[in-house]
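Here's the structure, in structure tokens; my notes come after.
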Amino acid sequence: MTTVNELFKIAVIDDDADVRDLFEIQVELWDRQPVVFSEDRLGAIEGFLERSGGFDAGITDFKLQTSGYAQFNGAELASRWMRRKVPAILCTRFESAEIIHIRPHLRYIPAILQPDELKPEMIERAFERGLQEIAGRFVEDRKPWRAQVHFLDSDNTNPELMLVELPSWQGSDRIWVSRSDLPAPLQKLVRPGYRTFAQANLGAEAGLALYLTEWEVRE
């Protein structure tokens, strides 16, 4: 298994050059080499992943689409890196309303740091967690479990959003999921009262940290 000491080249992604410079400084303070992409636009994620490489881990901002810098957000990028066994950090000060766009990727985002937390010791700790999850070892609040999901209602102003609860989760929050983030066969089935199963980190302490993935389709 790769160790955190073997991570040397660190990709830094942000649409704001000033923020990107701050990422670079923290990577250098960690005695690592930042890898910066000079492209004005990153384009679609598949193309970017195919033509980028040469780094051991990555740090990305969440809001990459606002300025047209990329056709994907940082949550999707971080999760795709992790699936490729590249440890990743999502660095963002996101609002609670944005969790709807982060949750579909959260299973493969082991560490979210706010910009003022991006310090060498925190970077190292976050990448260590990423390496552990790549190896299949999870801390309790990140470990996936098969969990029943109850669909309660749809949003009055946006029927794409469905309110769900997990009876076996210790938290009291009900969370919103987007119909478009569900598997295509499931999108046609969900309605208030529908029940199915998904993988969820039932040890999560708050709804903002809860992920749902590997949805089961039940007729």
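Structure values in brief
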| item | result |
| --- | --- |
| Count - residues of segment 112-146 that are among the aliphatic types (A, V, I, L, M), under 17 Å from Thr92 (Cβ atoms) and out of contact with any Leu (no Cβ under 7 Å at 6 or more places or on another chain) | 3 |
| Meets criteria (open to solvent by 80 Å² or more (accessible area, probe 1.4 Å) and in a strand (DSSP E or B)) for Arg146 | yes |
| Filter result (over 16 Å from Glu98 (Cα atoms), under 18 Å from the mean Cα position of the chain (by Cα) and outside any loop (DSSP other than H, G, I, E, B)) within segment 193-219 | Ala198, Gln199, Ala200, Thr213 |
| Number of positions in segment 123-142 that are more than 27 Å from Gln170 (Cβ to Cβ) and of a type in the set (A, V, I, L, M) | 2 |
| Matching residues, segment 9-38, being assigned to a helix (DSSP H, G or I) and open to solvent by less than 60 Å² (accessible area, probe 1.4 Å) | Ala17, Val19, Arg20, Phe23, Glu24, Gln26, Val27 |
| Those residues of segment 175-192 which are closer than 16 Å to Glu214 by Cβ and in a helix (DSSP H, G or I), in sequence order | Asp181, Ala184, Pro185, Leu186, Gln187 |
| Every residue from segment 96-106 that is surrounded by fewer than 21 Cβ atoms within 10 Å (Cβ to Cβ) and either not in a helix (DSSP H, G or I) or not polar (S, T, N, Q) (or both) | Ala97, Glu98, Ile99, Ile100, His101, Pro104 |
| Residue satisfying condition, being open to solvent by 30 Å² or more (accessible area, probe 1.4 Å), out of contact with any Pro (no Cβ under 7 Å at 6 or more places or on another chain) and either over 22 Å from Ile134 (Cα atoms) or not in a helix (DSSP H, G or I) (or both), within set Gly68, Gly58 | Gly68 |
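The values are calculated or read from the model by the stated rules, or taken from the named source; none is laboratory data. What you are looking at is a predicted structure, and each value in this text was computed from that prediction instead of being measured. Reconstructed Cβ throughout: ideal geometry from the backbone, glycine too, with neighbour counts over all protein chains shown. The accessibility values were calculated without ligands, DNA or RNA, using every heavy atom of the protein model including side chains. Shrake-Rupley method; radii C 1.70, N 1.55, O 1.52, S 1.80 Å.
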